[in-house]
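A.B. asks: Below is the structure I would like to discuss, written out as structure tokens.
Each reported figure results from applying straightforward, stated rules to the coordinates on display, with no laboratory input. As the structure is a prediction and not an experimental result, all values here were calculated from the model. Please note: Cβ atoms are built from the backbone with ideal geometry, for glycine as well, and neighbour counts cover all protein chains shown.
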Amino acid sequence: MTRSVPPRHHDIADDLRQQITTGHMKSGERLPSEAHLADRYKVSTVTLRSALAVLQGEGLVEKIHGKGNFVRRRPRKIVYVGGWGTLDPWTAAEAALRVTVRTTTVPADSHLTTLLKVPTGSPLVEFFCVSHEEDSSRGLARIYIPRDLVPAEALDDEASWQQTALRLAVLGSPPATLHETVCARPPTADEASALRTGSSAAVLAITRVATDTTGRVVEAALLTFPGDRVDAVFTTHYVTDERQTQG
């Protein structure tokens, strides 16, 4: 009975992985050229690239176009606080965390009409937010508010709204209810591009819908975080019926 021999690229990936995890190769360090590594392991560049692809899929190595392969820096995790839809104060206050915010008016498509319960084509204000730490993306948020709920002066002077958007908080008036749906899934092509992650790395996707006391949806947010860079925390407060405790 013959035993199958694992493909050579797995052995190479194992060796490079050990060098990275033991600290022999440091975070942010540039790997030797692919030609040099192929020569070191006595394999073709095709086999060597297959080994690097394994490590890229695991998030240990990243390839920067025109520069080469690097040991990926391990970014600090951010914390998403469920129920209020904010980043925790320590994360939001980090000087290294930079957020780019773009505001525009868009018509509601079929997905947004379902979330916000508005007719197709209704004008919505979109806040498109991408957070970065150095060269690493930390999160992506697309926040939608019915156009009539956004004061005209807010669009003329976006600074105050953008400061709130930096923390991914609810942008309008405090809602009566927040409904959040959380799932782990592969990123879309646009999300992988914006977050600078591989298509095989899972993301944590949160769909948050805020409703006022009349039942009107006042905001819908589509939040996407790289799965290895975020923790989501949800706290439940139980209300005790005083009549039961006194009985």
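A.B. asks: With θ set to phi - 60°, apply the Karplus curve 6.51 cos²θ - 1.76 cosθ + 1.60 along the range 31-44 and write out the HN-Hα couplings as whole Hz, x wherever there is a Gly or Pro.
C.D. replies: Computed from phi, the couplings for the range 31-44 are 6, x, 4, 4, 5, 5, 5, 4, 5, 4, 8, 6, 9, 6 Hz.
A.B. asks: Scan around Ser122 for amide H atoms under 5 Å from its own, H built in the peptide plane at 1.01 Å from N, and keep only partners 5 or more places away or cross-chain.
C.D. replies: Ala108
A.B. asks: Compare the peptides 35-41, 77-83 by average per-residue count of other Cβ atoms within 10 angstrom and give them in order, highest first.
C.D. replies: 77-83, 35-41
A.B. asks: For Ala232, list long-range residues whose amide hydrogen, built 1.01 Å from N in the peptide plane, is under 5 Å from its own amide hydrogen.
C.D. replies: Residues meeting the amide H criterion: Tyr80.
A.B. asks: Per-residue HN-Hα couplings for the range 123-133, Karplus 6.51 cos²θ - 1.76 cosθ + 1.60 at θ = phi - 60°, whole Hz, x for Gly and Pro?
C.D. replies: With coefficients 6.51, -1.76 and 1.60, one gets x, 10, 8, 9, 9, 9, 10, 10, 9, 9, 10 Hz.
A.B. asks: Which lysines does Lys67 reach when only Cα atoms under 28 Å apart count, and residues fewer than 8 places away in its own chain are ignored?
C.D. replies: By straight Cα distance, Lys67 reaches Lys26, Lys42, Lys77.
A.B. asks: Could you give the length gained on full extension between Thr211 and Asp14, defined as 0.36 nm per residue of separation minus the Cα-Cα distance, in nm?
C.D. replies: On the way: separation 197, 0.36 × 197 = 70.92 nm, distance 5.04 nm.
Full-extension gain reported as 65.9 nm.
A.B. asks: Something else now. With r as the distance between the Cβ atoms of Ala184 and Arg73 and R0 = 25 Å, compute the FRET efficiency 1/(1 + (r/R0)^6) and round to 0.05.
C.D. replies: Once rounded, the FRET efficiency stands at 0.65.
A.B. asks: Which FRET efficiency, nearest 0.05, do Thr105 and Ala232 yield, Cβ-Cβ r, R0 41 Å?
C.D. replies: 0.85
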